[in-house]
Amino acid sequence: MVLHNKPDLSDIIFTFPKDLWKPHEKLYANKAFLSSISPVFQAMFGPCFEESQGEIGKPFVSPVVDTSYRTFAALLRYIHTAQVQFRKVFSYESYCTEDETNGYQKSLENKDHFLTSYTQWNEDQTLSTDPETETCDPVELYVLAEKFDLQELKKIILDQLHQHLTPQSAYDALFSVPSLVFVELRKVIRNYVLQQWVPNFLLVAIV
């Protein structure tokens, strides 16, 4: 916790692109501590990788472009405190009408509405702007847990994921890239979908 997001005790700064979904720009960490937790961080900060290079006496700046600020903040918070707070998995259909949902599948004209919808949902799910208490999408965090080989975090996410799914978001997540790539994640989402949807299908068949 001492080394968590403390500029004066850090030797690496993770930066994030500015946009509507990322209200913060920087996260601070200590390379030696991260390396002691994850073999992937250890490799990143080794002598043969760009992330290990930097001006002597100054923190190294590492741009993060493959995930959001809040998800990476949740990763660092877990690494330092073993604590994590999840929110509901996003479903586009929850924030648009049936006509708009159908149109989204056929055209890119709804791009602006999608961005607006996601931003509104993001605000609805936010408990705080403090990275110490920020919630995150468990599916997004699972991707980082896989990337940095954090087995215990993966287990926590898989054990709790069903609590943060809805029937629609689970259906969307089932066909998302993370679900298609990671077998264990897909199993949990698929089981949830079967529990929620199969009874309805059987009921229709019986009627």
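Does region 1-14 hold any residues that are under 20 Å from the mean Cα position of the chain (by Cα) and modelled with pLDDT of 90 or more, and which are they? Once the filter is applied, which keeps residues that are under 20 Å from the mean Cα position of the chain (by Cα) and modelled with pLDDT of 90 or more, region 1-14 yields 13, 14. Pairs meeting the criteria (first residue in region 185-198 and touching a residue at least 24 places away in the same chain (Cβ under 8 Å), second residue open to solvent by 70 Å² or more (accessible area, probe 1.4 Å) and acidic (Asp, Glu), beta carbons under 8 Å, at least 6 apart or on different chains) are lacking.
Every test in (1) part of a helix (DSSP H, G or I); (2) at pLDDT 85 or above; (3) surrounded by fewer than 12 Cβ atoms within 10 Å (Cβ to Cβ) is passed by residue 66 save one, and that test is (1). Restricting attention to region 16-41, the residues being surrounded by 15 or more Cβ atoms within 10 Å (Cβ to Cβ), out of contact with any Leu (no Cβ under 7 Å at 6 or more places or on another chain) and modelled with pLDDT of 90 or more number 6.
The values are calculated or read from the model by the stated rules, or taken from the named source; none is laboratory data. Since we're looking at a predicted model, the values are computed, not measured. Reconstructed Cβ throughout: ideal geometry from the backbone, glycine too, with neighbour counts over all protein chains shown. Please note that ligands, DNA and RNA were not included when accessible areas were found on the heavy atoms of the full protein model with its side chains. Shrake-Rupley method; radii C 1.70, N 1.55, O 1.52, S 1.80 Å.
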